[in-house]
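The next block holds one structure in the form of C-alpha cells; read it before the comments.
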Amino acid sequence: MPDGYVVNDKRFAALTVASEKLQKLWTGGIWAEGPVYVAKGDYVLWSDIPNDRLLRWSAKDGASVYKKPCGHMNGHTLDRQGAVISCEHGNRRVSRMAADGSVVTVVDRYKGKRLNSPNDVVVKSDGTIWFTDPPYGILSDHEGHKSESELGKNYVFRFDPKSGDLRIVADDFDKPNGICFSPDEKKVYIADTGASHTKNGPHHIRVFDVVNGEKLANGKLFADINPGMADGLRVDTNGNVWTSAGDGIHVYTPAAELIGKLLVPEVVANLTFGGSRKDTLFITATTSLYSIKVNATGAQTP
Ligand code: MG
C-alpha cells in the first residue's frame, strides 16, 4: 500500500501540505493505540497494548518506554488540568496520571460492578469524562486478562469527577470504541467496531446531539468506514472528522462527506493532533508510530 493522499475534494487538499510526507517515528510494537500529545513536555505518549507498555516519543529524546507494566493501557486524553487520563484494560478502569507518573483510579465500577475494559476517552470542557467500555481487554489475555463481563453489556459512560456520578449515555452499541466531541461540544461522534468479532457487524461512526451537556439524543449513522473500522477519531477546529481506517486516515466534513484519505502503510488504530500548534498528526498504526504535518488544527481538549 503506497503512502500518500487520496483527494476526493479540493477541501481535503487544502487540509494537507503537499510537500509533507508521512514519517515513521518508531516501530516494534504489536498493537499501538491511544496517542496523546502532552504540550507541557512536548512529547507523545501511546500504548502498545499486548506488550503492556506505555511509550514516549519526543523530537528531542526519541522513543523510550515510559511505563511497563501499565495495566494494559489503551486510549488516553488530557483533562482540563493537563493531566493524562488513561483507559486501562488490565485494571478495568479509567485512571489519572500525576506529573511524576503515578496513577490513581478515576472510576472502575458502575453500581458496584466492574467495568469491562475502558477503551477510549475524552474530557469535555466542563471536566466530565466520557468513555467507551467494550470487552476487548477481557475477551482474551492478548490485550488484558480474560474475564467475564460483570455488566453484561458494552456501554458509553459519562463520569463527573466532581460528584462521582457515573451514568450510561448510550446502551445500544455492539462495541463502542473511539469517542470525540465536535468543537462546539454540541455533537459527539462515537465509533462502533463490532465488525472485529461479528460477521457483518458495525464498522461505523455514529453522531449524537449532546443535550444539556449530559445526555445524548438523535443518534444517527455518520459514516460507514471502508476498508477497516473507525477505531479512534479526532476533529479539527473546523469540525472535520479525522478517523482511523484500514488504509490510513479518512477525513469527513461535518456533513459526513468523505473528502480525502491520508494513506498509511499499516492498519491505523488511532490518532491525535499535537505539536505546539496542534497541526501535526501523531498516528498509531499496528506496530508503529507515524507523524505528518497538516494544514489543520486539532480541536481536542488541551
Ligand atoms: Mg480504540
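The values are calculated or read from the model by the stated rules, or taken from the named source; none is laboratory data. Only a predicted model underlies this, so the values are computations on that prediction, with no experimental measurement involved. For neighbour counting, all protein chains shown are included, and Cβ atoms are generated from backbone atoms with ideal geometry for every residue, glycine included. Calculation scope for accessible area: heavy atoms of the full protein, side chains included, ligands and nucleic acids excluded. Shrake-Rupley method; radii C 1.70, N 1.55, O 1.52, S 1.80 Å.
Would you confirm, using the coordinates I've provided, whether MET73 is in contact with a Leu (Cβ under 8 Å, 6 or more places away or on another chain) and under 16 Å from ARG53 (Cα atoms)?
Taking the combined requirement at face value, the residue satisfies it.
Looking at ASP108, ASP100, ASP79, which is the one that is open to solvent by 60 Å² or more (accessible area, probe 1.4 Å) and more than 16 Å from the ligand (Cβ to nearest atom)?
Exactly one of ASP108, ASP100, ASP79 is open to solvent by 60 Å² or more (accessible area, probe 1.4 Å) and more than 16 Å from the ligand (Cβ to nearest atom), namely ASP100.
What single numbered condition from (1) aliphatic (A, V, I, L, M); (2) within 16 Å of the ligand (Cβ to nearest atom); (3) at pLDDT 95 or above; (4) open to solvent by 40 Å² or more (accessible area, probe 1.4 Å) fails to hold for ALA191?
ALA191 satisfies all of (1) aliphatic (A, V, I, L, M); (2) within 16 Å of the ligand (Cβ to nearest atom); (3) at pLDDT 95 or above; (4) open to solvent by 40 Å² or more (accessible area, probe 1.4 Å) except (4).
Among the residues of region 27-51, write down those that are crowded, with 22+ Cβ neighbours inside 10 Å and more than 16 Å from the ligand (Cβ to nearest atom).
Of everything in region 27-51, those that are crowded, with 22+ Cβ neighbours inside 10 Å and more than 16 Å from the ligand (Cβ to nearest atom) turn out to be TYR37, VAL44.
Go through region 233-250 and count every residue that is more than 15 Å from the chain's Cα centre (by Cα) and within 18 Å of GLY298 (Cα to Cα).
Qualifying residue count for the region: 4.
Quick one: in region 167-188, which of the residues that are within 14 Å of the ligand (Cβ to nearest atom) and either part of a strand (DSSP E or B) or among the aliphatic types (A, V, I, L, M) (or both) is surrounded by the most Cβ atoms within 10 Å (Cβ to Cβ)?
Going through the qualifying residues, I end up with ASN177.
Among the candidates ILE225, ILE205, single out the residue that is among the β-branched types (Val, Ile, Thr), under 14 Å from the mean Cα position of the chain (by Cα) and under 17 Å from ALA191 (Cβ atoms).
ILE205
Are there strands (runs of 3 or more DSSP E) fully within region 195-268 with at least 3 residues that are among the aliphatic types (A, V, I, L, M)? List them.
204-211, 215-224, 258-263
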